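> Starting off with a structure, shown below.
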Amino acid sequence: MPMATEVPIRLYLDKLLKECRNVSVDLALLPGPVKSKALHAVADRLAADEDGILAENGKDVEAVGKSFENADMKDRMKAAVARVRLTTDHMKEMVERLHGIADLPDPVGAVTSRQERPDGLQVSRVRVPIGVIGVISERSPLVTVESIALCLKAGNLCIFRGAPEWKLTHQAIDARFREAATEHGVPPGAWVLIDRQEKEVALDLIRSARTLDALIVRGGAGLRKTVAEQAKVPVLCDDGGLTQLYIDEDPDISVAQNLVINSKVQRAGASNALDTLLVQQLVSRQFLPPLINRLLDEFKVEVHACPKTVALMGQMAMTGHTAIIPATDADWHTQFAGPTLAVKMVEDLDEALAHIKVHGPCLTAGIATTRYESALRFTREVDAGAVLVNVSTRLHAGDSFGMGSDVGLSVGRLHAKGPIGLEQLTCEKYVAFGSGQLRRPHPVPDAYFDAIMLKRP
């Protein structure tokens with residue numbers, strides 16, 4: 001029996017995306033209570049079918065394990081398997097986030113401003129869905145569920161392309177998500193899960209300007225680079241950009257050390273984890289040695305340091321401590337996404353601001369200071385997705401800012417900076433109510449216009 005020929009990628013995508021634009025119109029008009037009820041139902045369904053989802057995930061884990069055949073790749077295999085495996089705690093978090101998204105206020109139709117003009121024209125700005133949003137992700141199924149749920153709640157149609165190592169897990173979640181949502185009033189086709197894993201599928205998707213209105217990128221530097229070079233669709237967010245923290249002169253040393261450790265270690269691979277630490281040189285002798293000792297020995301963070309910091313810490317290797325590594329110029333431009341930190345001494349706030357300006361884009365910028373003037377100047381002059389004063393950079397997130405879940409962080413200038421939550425998944429249109437107002441001068445003379453009006457029965 002002859003083998004079935006796989007459908008060409010372009011035809012596969014065209015068929016998959018054919019009705020997206022039409023469905024997105026219906027989805028935009030879906031009432032808020034329907035969306036909330038459906039998302040609660042989806043959360044309950046995922047909780048009820050947890051065992052089935054974890055069983056499918058087990059098959060994905062097994063497939064990943066078998067892909068590492070050589071014995072010398074054992075450590076890499078363990079890390080890959082740990083990354084792909086879902087647990088009951090992951091499922092619990094997934095369900096909780098779905099309920100949380102369902103309970104958020106519906107942004108669609110919200111009036112953000114209203115004014116009455118001197119001629120009586122009433123002008124409002126109203127939130128509306130963006131339309132069709134493509135999501136390219138290398139991250140866990142938790143991101144899958146959040147992305148689809150947030151897009152649905154904001155009235156957008158989500159086209160999701162996930163990482164191949166979670167193929168069966170995604171399919172299991174998608175089937176239950178789709179069944180529960182359609183049972184509670186969500187139109188069929190309200191999101192699309194792309195389950196073909198060829199790289200060409202992702203490339204064709206990010207070039208689909210006729211279908212997509214915007215892109216969300218959840219992944220590493222390689223994926224971001226590809227999207228930046230190849231995409232023909234605007235990118236809402238991609239989690240790209242540096243996270244930098246400046247320790248001002250005369251800080252609260254204990255607070256500042258806790259900020260650094262939490263910003264770097266709490267989750268070293270996060271997009272808002274600390275990349276570059278800038279320390280005012282007058283406090284560096286007191287501040288840096290104990291901090292770097294803890295980072296190296298207690299938290300196993302690799303420290304890349306400027307020449308001044310290397311000189312300050314020069315005796316560490318001789319006293320039994322792990323040595324720091326001299327920083328290269330590339331380190332000041334790197335989003336490490338792992339247990340590596342670049343440390344630099346600076347003369348003052350001026351030099352810190354100049355460094356941040358040159359080494360960007362800056363996703364998250366923080367300052368640890370007891371000086372109100374320094375804090376005010378820092379917040380005013382730094383261009384970043386979020387600027388934080390005496391706060392861990394890990395708090396640059398939708399839930400910390402009272403927005404609920406987000407689909408990522410942005411440094412963009414054309415839509416929104418910072419966390420992209422429900423409101424940022426909408427745009428605004430103007431709505432104006434009038435009573436016959438005209439642009440003057442009117443092409444018909446007033447006297448003639450009045451005469452016509454008088455002839456009306």
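The values are calculated or read from the model by the stated rules, or taken from the named source; none is laboratory data. None of these values were measured; they are calculated from a predicted model. Using ideal geometry, Cβ is built from the backbone for each residue, glycine included, and neighbour counts are taken over all protein chains shown. In case anyone asks, the SASA skips ligands and DNA or RNA and just uses the protein heavy atoms, side chains included. Shrake-Rupley method; radii C 1.70, N 1.55, O 1.52, S 1.80 Å.
> With a sphere of radius 14 Å drawn around the Cβ of residue 124, what net charge do the other residues whose Cβ falls strictly inside it have (Lys, Arg +1; Asp, Glu -1)?
Taking every other residue near residue 124 into account, the sum is +3.
> Here's a follow-up. Let me spell out the model: positive unit charges on the Cβ of Lys and Arg, negative unit charges on the Cβ of Asp and Glu, origin at the Cα centre of the chain. What dipole size does that give, in debye rounded to 20?
Dipole of the chain, to the nearest 20 debye: 1160 debye.
> Sticking with this one: Could you give the accessible area per residue of the stretch 143-226, probe 1.4 Å, as a whole number in Å²?
Heavy-atom accessible area per residue stands at 32 Å².
> Further question on the same structure: Just to check I understand the Karplus step: with θ = phi - 60° and J = 6.51 cos²θ - 1.76 cosθ + 1.60, what whole-Hz values come out for the stretch 81-89, glycine and proline as x?
Result, rounded to whole Hz: 5, 4, 5, 7, 5, 9, 10, 4, 5.
> Where only protein heavy atoms count, and the probe is 1.4 Å, what is the accessible area per residue for the stretch 29-99 in Å²?
The answer is 59 Å² per residue.
> Quick check: Cα centre of the stretch 328-350 to Cα centre of the stretch 398-413, how many Å?
24
> Something else about it: Quick check for you: with a 1.4 Å probe and neighbouring chains kept, what is the accessible area per residue of the stretch 242-402, in Å²?
With all protein chains present, the stretch 242-402 gives 44 Å² per residue.
> Something else: Report, ordered by chain and residue number, the lysines lying within cross-link reach of residue 232, taken as a straight Cα distance under 16 Å and ignoring same-chain residues fewer than 8 apart.
Within reach: none.
> Which percent of the accessible area of the chain is formed by carbon and sulfur heavy atoms (probe 1.4 angstrom)?
Carbon with sulfur: 54 percent of the solvent-accessible area.
> While we're looking at this one, here's another question. Contact order normalised by length for the stretch 242-402, with contacts defined as Cα pairs under 8 Å and 6 or more residues apart; what percent is it?
It rounds to 34 percent for the stretch 242-402.
> Looking at the chain, which longest stretch skips every one of the GluC sites (Glu not before Pro) that is in a DSSP loop with at most 14 other Cβ atoms within 10 Å, leaving the sites themselves out?
199-346
> Sort 239-248, 325-334, 127-136 by packing, meaning the average of other beta carbons within 10 Å per residue, with the highest value first.
For the peptides 239-248, 325-334, 127-136, the packing ranking is 239-248, 127-136, 325-334.
> For a 30 Å ceiling on Cα separation, which of these pairs sit above it: 18/429; 18/225; 35/417?
none
> Considering the values [x] 22.0, 74; [y] 32.9, 118; [z] 26.5, 103, which represents Rg and Dmax of the Cα atoms in Å as calculated for the structure under consideration?
Computed from the coordinates, Rg and Dmax of the Cα atoms in Å corresponds to [z].
> What's the FRET efficiency of residue 230 with residue 254 using the Cβ-Cβ distance as r and R₀ = 60 Å, to the nearest 0.05?
It comes out at approximately 0.80.
> Continuing with the same structure: Could you please report the charge total around residue 336, scoring K, R as +1 and D, E as -1 over all other residues with beta-carbon less than 12 angstrom from its beta-carbon?
Value of the local net charge: -2.
> While we're here: Which order do the peptides 270-276, 103-109 come out in when sorted by mean C-beta neighbours inside 10 angstrom, highest first?
Packing proxy ranking, top to bottom: 270-276, 103-109.
> Treat every Asp and Glu Cβ in the stretch 1-120 as -1 and every Lys and Arg Cβ as +1, leave all other atoms uncharged, and give the resulting dipole magnitude about the Cα centre to the nearest 20 debye.
Computed about the Cα centre, the dipole is about 300 debye.
> Out of 337, 237, 306, whose Cα points farthest toward the positive end of the dipole of the chain (charges: +1 Lys, Arg; -1 Asp, Glu; placed on Cβ)?
Checking the options against the dipole of the chain, the answer is 237.
> Report the net charge of residues surrounding residue 180, where surrounding means a beta-carbon distance below 9 angstrom and charges are Lys +1, Arg +1, Asp -1, Glu -1.
Summing Lys/Arg as +1 and Asp/Glu as -1 gives 0.
> For the charge dipole of the chain, defined by +1 on Lys and Arg C-beta atoms and -1 on Asp and Glu C-beta atoms about the Cα centroid, which residue among 396, 130, 193 has the Cα displaced farthest towards the positive pole?
130
> Continuing with the same structure: To check you understand DSSP bridge types, tell me what percent of the beta bridges within the stretch 81-173 (both residues inside) are antiparallel, rounded to 5.
50
> For the stretch 242-402, what number of Lys pairs, 8 or more residues apart or on separate chains, have alpha-carbon atoms under 18 Å from each other?
So the count of such lysine pairs works out to 4.
> Which part of the stretch 136-153 falls in the paramagnetic zone of residue 399, meaning amide N under 20 Å from the point 7 Å along Cα-to-beta-carbon?
Under cut-off, by backbone N: 138-153.
> Put a dot 7 Å past each Cα toward the Cβ at residue 325 and residue 431; how far apart are the dots in nm?
5.6
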